[in-house]
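Here's the structure we're looking at; comments come further down.
The values are calculated or read from the model by the stated rules, or taken from the named source; none is laboratory data. What you see is a predicted model; the values in this text were computed from it and never measured. So basically every Cβ, Gly included, is an ideal-geometry build from the backbone, and we count neighbours across all protein chains shown.
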Amino acid sequence: MKKLLYILMITLMTYMQVSSQETPLNPLNNSADNSLIKSENSKMTWFMIKDSIKMPIGNIETIINKDKAKIYIVTIVNMEQSSIKWIDSTVVQTKNFKPIYHSSNNQQRDMVLKFGEKISGYYLDKQTGVKTQISEEVHKPFFDSNFYPQLIRLLPLKNGYSNTISIFDYNPKTKTGVITATVKNTEETTINFNGKKTEVFKVHASDDISNNSTQSTYYIDVSTRKILKQEIDFGGRKMLMELVN
């Protein structure tokens with residue numbers, strides 16, 4: 001009898017240990033609700049915060065087109081002090097958000113990633129003129145790192161919700177490959193937005209892209225799941241993005 005109890009205890013401890021090491025969210029292990037994302041256009045004003053004063057530095061326009069098979073997301077960044085737009089395009093599967101394509105064009109770089117059995121494309125560093133051909137093999141599922149801020153608002157958010165997300169990021173100057181984003185400290189609260197009290201999910205997030213040194217706080221409308229505000233803290237500085245429409 002003692003031996004049986006011992007075996008049962010070991011089995012239970014092993015189960016608990018395995019259960020505590022949950023698999024990060026990925027297209028094959030996905031609790032996000034794809035019905036919450038719709039075709040829409042939105043714009044956010046981008047501020048730098050200094051001594052509690054908001055200084056506008058640009059705006060961010062996001063265009064989402066969704067059909068039965070794919071979701072297309074284009075992000076256009078207009079800076080106050082530059083005539084050059086920063087444009088990122090992302091394509092994912094509608095059913096599970098598996099990445100298909102990502103491109104990024106700005107004054108620092110041009111990059112194209114095509115996701116298939118291999119990740120192929122190129123990275124052009126406009127500062128040095130060096131163009132690198134990309135051919136990466138990855139043996140575990142992931143989301144595109146450019147998509148995961150959209151993914152956060154589609155998760156089953158509630159008080160205390162936390163999770164990790166498997167993402168792929170390419171940056172020859174830091175790290176390339178499958179890394180992790182972390183969602184933590186979710187809180188359902190009320191904020192004053194455009195003169196009206198609005199129920200939101202306040203979600204804290206960070207990722208391995210910045211070695212978790214950059215902290216983002218999302219304020220997500222409970223009823224519409226739109227991101228109303230995003231605060232970014234990095235290196236003692238603070239930025240804010242607020243939804244215009």
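Structure above, values below:
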quantity	calculated
Test: residue in the range 53-60 that is among the hydrophobic types (A, V, I, L, M, F, W, C) and more than 25 Å from F234 (Cα to Cα)	no
Candidate set: the range 139-186, residues that are charged (D, E, K, R) and surrounded by 15 or more Cβ atoms within 10 Å (Cβ to Cβ); chosen: the one nearest to S35 (Cα to Cα)	R153
Conditions (1) over 19 Å from the mean Cα position of the chain (by Cα); (2) hydroxyl-bearing (S, T, Y); (3) more than 23 Å from D233 (Cβ to Cβ); number of the one not met by S103	(1)
Matching residues, the range 68-96, being surrounded by fewer than 16 Cβ atoms within 10 Å (Cβ to Cβ) and of a type in the set (S, T, Y)	S82, S83, T94
Residue match in the range 70-77 (condition: within 21 Å of Q108 (Cα to Cα), of a type in the set (A, V, I, L, M, F, W, C) and in contact with a Gly (Cβ under 9 Å, 6 or more places away or on another chain))	yes
From the options L113, L124, residue that is surrounded by 14 or more Cβ atoms within 10 Å (Cβ to Cβ), over 22 Å from the mean Cα position of the chain (by Cα) and either assigned to a strand (DSSP E or B) or of a type in the set (S, T, Y) (or both)	L124
Pair list, Cβ under 8 Å, 6 or more apart: the range 101-123 residue at positive phi, other residue in a strand (DSSP E or B) and of a type in the set (A, V, I, L, M, F, W, C)	G121/M111; G121/V112; G121/L113; G121/I134
Filter result (within 20 Å of M241 (Cα to Cα) and part of a loop (DSSP other than H, G, I, E, B)) within the range 64-82	E80, Q81, S82
Scan of the range 230-241 for residues that are out of contact with any Leu (no Cβ under 7 Å at 6 or more places or on another chain) and of a type outside the set (K, R), ordered by number	Q230, I232, D233, F234, G235, G236, M239, L240, M241
Those residues of the range 217-245 which are part of a strand (DSSP E or B), among the hydroxyl-bearing types (S, T, Y) and free of Cβ contacts under 8 Å to residues at least 60 places away in the same chain, in sequence order	T217, Y219
Residues satisfying the stated conditions in the range 174-195, i.e. over 20 Å from the mean Cα position of the chain (by Cα) and in a loop (DSSP other than H, G, I, E, B)	N194, G195
Scope the range 83-104; condition at pLDDT below 95 and part of a strand (DSSP E or B); matching residues	W86
The range 41-53, residues that are exposed (fewer than 13 other Cβ atoms within 10 Å of the Cβ) and closer than 16 Å to L243 by Cα	N41
Some residue of the range 149-161 being in contact with a strand residue (DSSP E or B) (Cβ under 8 Å, 6 or more places away or on another chain), of a type outside the set (K, R), assigned to a loop (DSSP other than H, G, I, E, B) and over 30 Å from V200 (Cα atoms)	no
